[in-house]
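Here's the structure, in structure tokens; my notes come after.
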Amino acid sequence: MPVQRVIFTGQVMDSLLSYSRMAYPNEGILLMRGKSKKGVVDVTSVVVPPAAVHAHAYSSFNWYMLPIDSSYLGVAHSHPSGNFSPSHEDLLHSMGKIMVIMGYPYSSYLQVGVYDHNGRSVPFEVKG
Ligand SMILES: [Zn+2]
């Protein structure tokens, strides 16, 4: 079932933005967890990857270093350039159900892009 909508808790969205601000001028990477049902994806928590992982660029991120289970939805990462569209590299290395990109200056979810595995933009909302 293709992803039709993504729902973030307010706390998750705050974490994505504040983590991106902390990582600036580098790219920050977070793993997202939650559940997915009938095309609706609920992101309920974020996990900071091991230091060895986020020290590298997103393109070298190794999914297999992590204890992955079905509650992992995908990877969120920041773009210090401010452009929150997926890069060619991002699309080549897309993992999981969804990909989230936070664009500088990371001040609100208006600078966040949500994409499915194929890089197609997916509508999202922030709840609670
Ligand atoms: Zn990227």
| Inside the range 94-128, can you point out the residues that are touching a His at 6+ places or on another chain (Cβ under 9 Å), assigned to a loop (DSSP other than H, G, I, E, B) and under 25 Å from Asp69 (Cα atoms)? | Ser94, Met95, Lys97
| query | Arg5 passes all but one of (1) at pLDDT below 90; (2) surrounded by fewer than 21 Cβ atoms within 10 Å (Cβ to Cβ); which number fails? | reply | (1)
| Within the range 14-45, considering residues that are basic (Lys, Arg) and not in a strand (DSSP E or B), the one nearest to the ligand (Cβ to nearest atom) | Arg21
| Any pair with Cβ under 8 angstrom, 6 or more apart, that starts in the range 87-104 at a residue that is without any contact (Cβ under 8 Å) to a residue 40 or more places away in the chain and ends at one that is more than 10 Å from the ligand (Cβ to nearest atom) and among the basic types (Lys, Arg) | none
| Restricting the range 87-107 to residues that are farther than 18 Å from Thr44 by Cα and at pLDDT 95 or above, which is farthest from the ligand (Cβ to nearest atom)? | Ser107
| Within the bounds of the range 111-127, is there any residue that is among the small types (Gly, Ala, Ser), at pLDDT 95 or above and more than 12 Å from the ligand (Cβ to nearest atom)? | yes
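The values are calculated or read from the model by the stated rules, or taken from the named source; none is laboratory data. Remember, predicted model here, so these are calculated numbers, not experimental data. Reconstructed Cβ throughout: ideal geometry from the backbone, glycine too, with neighbour counts over all protein chains shown.
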